[in-house]
Every structure is written in C-alpha cells, then in structure tokens.
Amino acid sequence: MPQQSRKFRPAALPAALISIMTADPASANVTKDIEDALNFYHYGNNGAVKLDLSYRYENVNQDAGAADTANANTLRLRLGLLSPTFHGIQGYAEFEGLLAMQEDYNSTRNGNTGHSIVADPEKAELNQLWISYAGIPDTLIKGGRQRIKLDDDRFIGNVGWRQLETTFDSVLITHNNQTLFGLTVNAGYIGNVSTFTSTTENINAPFLNLNYKVGDYGNAIAYGYWMDYTEQENYAKSNQTYGLRFDGKHPVTNKLTALYTAEWSYQKDYQHSPTDYEAHRYNLMGGLTAFNLVTVQGAMEQLNGTGKNKRFLTPLGTNHAFQGWADLFLVTPDDGIRDVFGTLSTKLDNDSVTLAGVFHDFTDDTGSIHYGDEWDFLATKKFGKHYSLLAKYAYYNADQFGTDTQKIWVQGNISF
C-alpha cells in the first residue's frame, strides 16, 4: 500500500464552514433568511439566485516512481441567476470558479506534471447560459450551455464529482407524458463540450433517449448517441452507440425490496473515427434493500476491447462513478475491462447519514488478465437541505495494470 502523505492538512477546511453546517437548530432562522434573500418574485413567478460553495481536500498517493504525492486544497464557487418564468420562457446564467489554496498536484493545466493528477484546475468560466420554453404541453425546450444528465450518466453526464463540471452547448427537447403513455423522450444535439478541466471540444452529436415506465417494476430505456469529434486530436473518441436498458426495484415482502439492472450496448466507429471497430458493453446488477435501511448489491460491467482505438468508449460520461473511485479506468484499456463488484450501504439518522463500501475485481474482457482490485469507502452527513460533509477513500491494488493508488477526500458543501 502507498505510504501516507506527510502533507495531509484537513485543518484547511475553514472553521466558519464547519460551524455553519453543524450549528444547532437555532441556525434554521439564519438558513431561512438566506433562502428568502436568494429567492424573488416577479408577476407571481419564482426567480432565484443560486449559490453552491464546495471546499475539498484531495490526497493522491501512488507507488514510488509513479509520481509525487498530490495534495489539493480547493474551493469552488458556482453563482447563478434564474429568471422568473414569463409566458413559458425562463433563462439561467451561471459563473463557476475554482481557487487552488494548495496546488501540489497536476491539474492537467498547471504544468505540475511531476505530481499525481487531481483534475481540478484553477480556472473561472461561464458554466451555464441557457433559455428554455415550456409553452407546449408536457414539453420543455432548452437551448444554450447547459447541464445534461441521462439515465445513470454513463454516456452523457456532467462529471459532477469534479470541482468544475462538464456542460454542453446544446439544444435539448424533453417530452414527458407520464399520465397517458408513461414515456419520457429526451432528444437533442450537442455542438460543443465545456469540459471539467475548463477546455472546449468541438463535436457534432445528435442523441435520442426513450424512457418508458413499466408499471411499478422499473423503466425500459432505449438510446442512440452519435458522437463525431471534429478536431483531429479527438478523432479517436468519435463513436456511435445504441443500447437497451431495464432497471428498477420491486417489493419482495414488506421488509425486502429487490433491485435490478440489465443493459446491453453496441458501439462502432463513426464519422472521424480513425479505425473501423465494433465493441459491446454489458451491465448487470442485482440486489436487496432490507427494512429501507441496508442495501446489498452484486454487479458486473464489461466493456469490450480488441486493440488500440478498438475499445468501447464513453467520452461524455461521468466515468468516476464507474469502475472504481481511484480512476484507473477512466478510459477503457485496449483489452477491454470486466468489473465484478459488490456494494454494501446503509442510511442512518433519518437518511441524513450514508455509509457505503465497495469491492471491485478488475480483469480484461475475457477474464484471463487480472488488472487489480480496489476497495472504496464513503461517509456523508447532511445538515438539512443546504449543508453536507463527506469523507471518501479509495485504494487500488495493482496486478497487471496501472500502479498501486490511494486517494483520500474530505469535503464540505453549502448549496442554495
């Protein structure tokens, strides 16, 4: 296991942030005053100032020779203005900026290549700027720079774990008619990606996602994503993907609830892709929740690969949420990957506390090459609607892929 960093500084979390989050119930009046100050009305319609402040300490410690230990103390602010709705039209503008209070890490933008990567660059940017129209029944049309999250974020997501997020210059049409058909349609087009490292990527990407509610058993989903990257350095990420997914939950007894997911995806080259290829993805999960308290899950996700530029890719996905929090597999290896994992989680104190542990076993897509295994642990605590604390740990034990990697996170968040 990697040695613990000598530079760990959890005391960097501002005392004021902790005191606000952990204050006694009398602070509810202060919270209410803040809520009232940030919300406003115009002709009977709601508008709001949106504020999200996130402090994080992240430590990345890899085997000697891989890179120097990374220590990142960062503070991220998002500040947005949501207009009232007027004849079905609403607009939103949001600034996002990150301050690196300790920058002993490789942000991918700061030139500190001798340190391990913490992909949180010190940048300021326009995060969202969109206008929407809801004047058509059961339909919302939104255009501009926006956050898009589809299904479990595997194919299109905002990479919400990083301090800066990914947003899309796009048009998104959402039609939701649950009363008559139980069907939600998300159709759109992405023309530019503003990434979580504050870079931009040009893309021509129409997409379609159909979600049908199957009674009380879950959701049947069909999707197609066509991603054509138009800059040469990104050609290899171009792909077209089609898939079917069913996931949901259903009571077994009054004490037990079954959880299940089954998904198959097919991907091949598209437009500027430099290589002809085909690849498949399989995603299976089964689990039980007991007494609405403890959840046990077993799962397998496999992304196939047959060589360089011939493996299943998810370039617009929130990939940190998959295949281990140590982030050794953000890009699928050339030989593909099979991730067999189990999760144990519980919620306590009226669901304000979450505890979770995950074990992953990684191989290539045939199971013959053992990449390594990983333990992940998480603890979160919510204080009302607006305040939260998080502690998170990941340890990847390398066998035939990557290097031993340990990551530690401590985070506090205020969101209105």
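Below, the figures for the structure above:
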read-out: Ala124 paired with Lys50, simple spin-label distance in nm, labels 7 Å along Cα-to-beta-carbon; value: 2.0 nm
read-out: Solvent-free Debye scattering, log10 I(q)/I(0), computed from the Cα coordinates of the chain at q = 0.13, 0.14 Å⁻¹; value: -1.45, -1.69
read-out: Accessible-area composition of segment 294-404, carbon plus sulfur, in percent [1.4 Å probe]; value: 58 percent
read-out: Pair Val353, Val296: separation of 7 Å Cα→Cβ label points (nm); value: 2.2 nm
read-out: Exposure ranking of Leu82, Leu180 by accessible area [1.4 Å probe, largest first]; value: Leu180, Leu82
read-out: With DNA, RNA and ligands ignored, accessible area of Lys249 (1.4 Å probe; Å², nearest 10); value: 130 Å²
read-out: Distance between modelled label sites at Phe86 and Trp264, nm, 7 Å Cα→Cβ extension; value: 5.2 nm
read-out: The chain - accessible surface per residue (Å², probe 1.4 Å); value: 47 Å²
read-out: Cβ-placed point charges (K, R +1; D, E -1), dipole of segment 58-105 about Cα centre in debye, nearest 20; value: 380 debye
read-out: By accessible area with a 1.4 Å probe, ligands and nucleic acids excluded, highest first: order of Leu164, Leu51; value: Leu51, Leu164
read-out: Over 22 Å (Cα to Cα) - which of Lys255/Lys385; Lys50/Lys142; Lys149/Lys237; Lys50/Lys123 fall in this group; value: Lys255/Lys385
read-out: Dipole of the chain, positive direction: furthest Cα of Gln232, Ser198, Thr31, with charges on the beta-carbon; value: Thr31
read-out: Computed lengthening from Ile136 to Thr199, 0.36 nm per intervening residue step minus Cα-Cα distance; value: 19.2 nm
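The values are calculated or read from the model by the stated rules, or taken from the named source; none is laboratory data. Every value quoted in this text rests on a predicted model; they were computed, and no experiment measured them. Here Cβ is always computed from backbone atoms with ideal geometry, including for glycine, and neighbour counts include all displayed protein chains. All accessible areas refer to the heavy atoms of the entire protein, side chains included, with ligands and DNA or RNA removed. Shrake-Rupley method; radii C 1.70, N 1.55, O 1.52, S 1.80 Å.
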